[in-house]
1. I need the full set of residues from the range 24-65 which are hydrophobic (A, V, I, L, M, F, W, C), crowded, with 16+ Cβ neighbours inside 10 Å and either at pLDDT below 70 or assigned to a loop (DSSP other than H, G, I, E, B) (or both), in order please.
2. Return the pair list, or none, for Cβ contacts closer than 6 Å from residues in the range 253-282 that are part of a loop (DSSP other than H, G, I, E, B) to residues that are polar (S, T, N, Q), at least 6 apart or on different chains.
3. Based on what the data block shows, is GLU85 acidic (Asp, Glu), touching a strand residue (DSSP E or B) at 6+ places or on another chain (Cβ under 6 Å) and over 25 Å from LYS275 (Cβ atoms)?
4. Checking the conditions here, which among ILE157, ILE196 is within 16 Å of the chain's Cα centre (by Cα), crowded, with 22+ Cβ neighbours inside 10 Å and among the hydrophobic types (A, V, I, L, M, F, W, C)?
5. So ASN231 passes all but one of these: (1) in contact (Cβ under 8 Å) with a residue 40 or more places away in the chain; (2) over 24 Å from ASP131 (Cα atoms); (3) not hydroxyl-bearing (Ser, Thr, Tyr); (4) not in a loop (DSSP other than H, G, I, E, B). Which condition number does it fail?
6. Step by step: first the residues of the range 66-103, then only those that are of a type in the set (Ser, Thr, Tyr) and part of a strand (DSSP E or B), then the one that is modelled with the highest pLDDT. Which residue is that?
7. Just for the range 163-199: of the residues that are outside any strand (DSSP E or B) and either at pLDDT 95 or above or among the aliphatic types (A, V, I, L, M) (or both), which one is farthest from LYS251 (Cα to Cα)?
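The values are calculated or read from the model by the stated rules, or taken from the named source; none is laboratory data. None of these values were measured; they are calculated from a predicted model. Positions of Cβ are generated from backbone atoms using ideal geometry, with glycine treated the same way; all protein chains shown enter the neighbour counts.
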Amino acid sequence: MERISLMPNIMLLITKSIKNNVILFLTTIFLVISFSFAEAKNSKDVSNIKVQKKTISHKQKYSLQLVNSKDGHPVRSGNKSWRFEVREGDCGGDKKYSDCKSNRQRTELQTKEYQKRNKEYWYSASIYLPDNYISVAPVRSVFTQIYEKGWKPILMITDRSNEWLEVGRMWSGEYVEMKKGIRINEMKGKWTDILINVRYSRKEDGFMKVWINDKLILESLNIKTFTPYTNKGAKLEWGIYQTGVSDWKRKHGEKPYPTMVVYFDEVNQGNSREKVTKNLGN
């Protein structure tokens, strides 16, 4: 009688089982990370804005998290805040643009809808720098910006020097006005409240005002806030956006590149100061 070997069939079944388990594991990891991003995006506890993660942001689980005060995380009001983290090499990209090829890295959220020209808007954003915050200057770290869609930023709030949080008004991506806001050391271990009031216009009837902790830092009146190069509106963006990453090594040599963590809360948009600051006690 001919002996039939069962070993090939058994090995085939084992191989298929392992393959299916690996696929299931990877799918589960992907869904967990995707859920983490989705959960971290929209929360009425931290923002009244419909938001989305900027597509070129780095996509690790730690990059963006919705965290809770019961777990020891700082919050400005309510129970939750957004935690952003950028480590060395955290560059991403999409089909149109690559941070990895342009000496940049980031994790950012942005408003889902564009804000239109010939209208006035108010924005608020509360920023928390941990006690152990380490600046990556001379690398520029942008915490909040207003970006003219399809073109370039018109406002950036940054740490460029490890001395001051600076407020810069821009035209076609170039600074036209720069103001010192608050010292970086004064921000550590506490919340810093930013308030922005802007009228978007291509005519000289626009304006831009920025307050930090109720102190007026920037006031630009009767200006063009939009360029003639696009008609797509603007978006508020916030998180951590680092540019000129190679400048760290140029200045500090082989000194390890610091991991940066920043929290955001009370990121709001409205048509009045009262609407965006109602939870701040202002």
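1. Selection gives PHE37, ALA40, VAL46, ILE49, ILE56.
2. Qualifying pairs under 6 Å: ASN279/SER77.
3. yes
4. ILE157
5. (4)
6. Looking at residues that are of a type in the set (Ser, Thr, Tyr) and part of a strand (DSSP E or B), I get SER81.
7. If we filter the range 163-199 for residues that are outside any strand (DSSP E or B), which is where we start, we get 163, 172-173, 184-187, 189-190.
Cutting the leftovers down to either at pLDDT 95 or above or among the aliphatic types (A, V, I, L, M) (or both) gives us 163, 184-187, 189-190.
Working: GLU163: 16, ILE184: 20, ASN185: 21, GLU186: 25, MET187: 24, GLY189: 27, LYS190: 29 Å.
Result: LYS190.
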